[in-house]
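**Student:** Before we start, here is the structure in question, set down as structure tokens.
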Amino acid sequence: QVQLIESGGGLVQAGGSLRLSCTASGLPFSMHSMSWFRQAPGKEREFVAGISGRGGSTSFADSAKGRFTISRDNAKNTMTLQMNSLKPEDTAVYYCAANLGSIRIYSGVYDYWGQGTQVTVSS
């Protein structure tokens, strides 16, 4: 049974930082690209950042470039999203997702999803 478990969400003031983690089990982790998506109330789920199976490639939404970094540790089956200079518009539920293949920005192709973790940025 595949599980993706997110952690690290919370409440932070604008300009602050948060570190989200995703721990995976039940899948060949290094064969999957891993991504973060987010969904704010009343909005569609959107791609935030992704990292290839071996970590050699990354991709970021324009809203995340320069502020967020993504990394993974295949020995520990974990992926991390470091979020700096947070803004109120970053407030959303953040989801970890796994795709057998390359990084994709379209959520529909992802094979597995976590339950999500809430990130709230106050102004």
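**Student:** Find me the longest stretch of the chain that has none of the exposed trypsin sites (Lys or Arg not before Pro), where exposed means in a DSSP loop (not H, G, I, E or B) with at most 16 other Cβ atoms within 10 Å. Kindly include the intermediate steps, with their values, before the conclusion.
**Tutor:** Details: sites that count: Lys43, Arg54, Lys65, Arg67, Lys76, Arg104.
Within the chain, the longest run free of exposed trypsin sites (Lys or Arg not before Pro) spans 1-42.
**Student:** Please list, or write none, the lysines whose alpha carbon is within less than 19 Å of the alpha carbon of Lys43, excluding same-chain residues fewer than 8 places away.
**Tutor:** Lys87
**Student:** For Ala64, what charge total do you get from the other residues with a beta carbon under 15 Å from its beta carbon, if Lys and Arg give +1 and Asp and Glu give -1? Write out the running numbers ahead of the final one.
**Tutor:** Values: positive: Arg19, Arg38, Arg45, Lys65, Arg67, Lys87; negative: Glu46, Asp62, Glu89, Asp90.
That works out to +2.
**Student:** To continue, here is another question. What FRET efficiency comes out for the pair Thr69/Glu89, r = Cβ-Cβ distance, R0 = 22 Å, nearest 0.05? Provide the component values of the computation, followed by the final result.
**Tutor:** On the way: r = 19 Å, r/R0 = 0.85.
Efficiency, from the Cβ-Cβ distance: 0.70.
**Student:** Loop-only GluC sites (Glu not before Pro) in the stretch 31-101, please: DSSP not H, G, I, E or B, and at most 15 other Cβ atoms within 10 Å.
**Tutor:** Glu44
**Student:** Among the aspartates and glutamates, select those whose C-alpha is under 14 Å from the C-alpha of Lys65, and discard any that sit fewer than 8 residues away in the same chain.
**Tutor:** Of all the aspartates and glutamates, those that pass the test against Lys65 - Cα under 14 Å, at least 8 places apart if same chain - are Asp90.
**Student:** Next up: With a ≥ b ≥ c the root eigenvalues of the C-alpha gyration tensor of the stretch 21-60, is it rounded (a/c under 1.5), prolate (a/b larger than b/c) or oblate?
**Tutor:** On the way: a/c = 3.33, a/b = 1.70, b/c = 1.96.
Oblate, since a/c reaches 1.5 and b/c is not below a/b.
A short reminder: the numbers here are calculations on the coordinates, not readings from a lab. Model, not experiment: these values are computed from the prediction. Here Cβ is always computed from backbone atoms with ideal geometry, including for glycine, and neighbour counts include all displayed protein chains.
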